[in-house]
Amino acid sequence: MNAHPGLLDHIVLATPDLEATVADFARRTGVQPAPGGAHPGRGTRNYLVSLGGSGYLEIIGPDPDQPEPPRPRPFGIDQLTGPRTVTWAICPPDLDKAVADAHAVGYNPGPVLPMSRRRPDGTLLTWRLTSFDTAHPSGLVPFLIDWTGSAHPTEAALPQTPLLDLSARTPDPDGVRALILALGTTLPLDSGPLRLSFTVDTARGPVTFT
């Protein structure tokens with residue numbers, strides 16, 4: 001069974017302490033995440049792990065080498081007290097059409113923003129994405145991303161922990177499910193307190209992050 005939801009691009013594990021969370025991931029899984037790069041002007045940087053196929057995990061947190069950004073860091077990082085799986089992203093075949101289709105059924109995924117960063121080897125990556133800041137507040141409805149012909153992060157030699165499961169709980173599973181379906185993908189949803197979690201396969205056995 002394919003554990004990847006349709007169109008999965010990446011899962012976002014946000015943290016107020018990037019180095020500590022990367023060390024914890026390595027301790028629990030036996031896999032050391034690879035440095036991704038800094039997001040200039042956003043006050044963040046990331047580490048990456050392949051989830052198999054074209055999916056990957058982004059561990060993102062404050063970049064101590066950047067000054068305090070003029071705006072709050074993305075994904076609510078400034079309000080976090082510990083690491084949390086905050087959301088996920090899909091890569092539709094046509095981002096602009098996907099945004100228009102979502103609007104047609106009454107869901108506004110937010111404005112499309114240009115982004116970029118350099119890999120440690122100097123390669124410039126460019127992409128467009130819908131803003132997480134204006135996405136569904138649960139984080140369970142994925143934001144959309146388009147790599148605009150740039151190299152995809154998984155084209156680099158990333159360490160790997162295959163994805164076994166991505167699932168969520170929400171007090172409103174039917175309402176959230178309808179929005180996810182409007183974006184052309186699916187996510188297993190149960191009723192309960194809000195939570196997004198993923199499980200990866202490792203040499204030490206399955207490991208779950210929430």
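The values are calculated or read from the model by the stated rules, or taken from the named source; none is laboratory data. All values derive from a computational prediction rather than experimental measurement. Here Cβ is always computed from backbone atoms with ideal geometry, including for glycine, and neighbour counts include all displayed protein chains. We work out accessible area using only protein heavy atoms, side chains counted, and drop any ligands, DNA or RNA first. Shrake-Rupley method; radii C 1.70, N 1.55, O 1.52, S 1.80 Å.
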Please state which of the following conditions Leu179 fails to meet, knowing it meets all the rest: (1) buried (at least 18 other Cβ atoms within 10 Å of the Cβ); (2) in contact with a strand residue (DSSP E or B) (Cβ under 8 Å, 6 or more places away or on another chain). (2)
Quick check on this structure: which one of Gly52, Gly106 is among the small types (Gly, Ala, Ser) and under 16 Å from the mean Cα position of the chain (by Cα)? Gly52
Here's a check for you: in the range 79-123, which residue that is among the hydroxyl-bearing types (Ser, Thr, Tyr) and part of a loop (DSSP other than H, G, I, E, B) is nearest to Ser150 (Cα to Cα)? Thr123
Sort out which residues of the range 52-77 are open to solvent by less than 70 Å² (accessible area, probe 1.4 Å) and either farther than 20 Å from Trp127 by Cα or among the acidic types (Asp, Glu) (or both), and write them in order of number. Gly52, Glu58, Pro62, Asp63, Gln66, Pro69, Gly76, Ile77
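Working only within the range 145-157, note down all residues that are closer than 18 Å to His39 by Cβ and either open to solvent by 70 Å² or more (accessible area, probe 1.4 Å) or within 16 Å of the chain's Cα centre (by Cα) (or both). Walk me through it before giving the result.
First pass over the range 145-157, keeping only residues closer than 18 Å to His39 by Cβ: 145-148, 150-153, 156.
Hits for the range 145-157 are Ile145, Asp146, Trp147, His152, Pro153.
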Only unsatisfied item for Gly43, checking (1) without any contact (Cβ under 8 Å) to a residue 40 or more places away in the chain; (2) surrounded by fewer than 22 Cβ atoms within 10 Å (Cβ to Cβ), is (2)
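Residues are listed down the side, and each one gets a yes or a no for (1) at pLDDT below 95; (2) within 19 Å of Val141 (Cβ to Cβ); (3) among the charged types (D, E, K, R):
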position	(1), (2), (3)
Leu7	no, yes, no
Ile11	no, yes, no
Arg42	yes, no, yes
Leu80	no, no, no
Ala104	yes, yes, no
Need pairs with beta-carbon distance below 6 Å; first residue closer than 25 Å to Val207 by Cα and within the range 164-183, second surrounded by 18 or more Cβ atoms within 10 Å (Cβ to Cβ) and among the charged types (D, E, K, R); sequence gap 6+ or separate chains. Leu164/Asp201
Taking the stated definitions as given, is Arg169 of a type outside the set (Asp, Glu) and out of contact with any Leu (no Cβ under 7 Å at 6 or more places or on another chain)? no
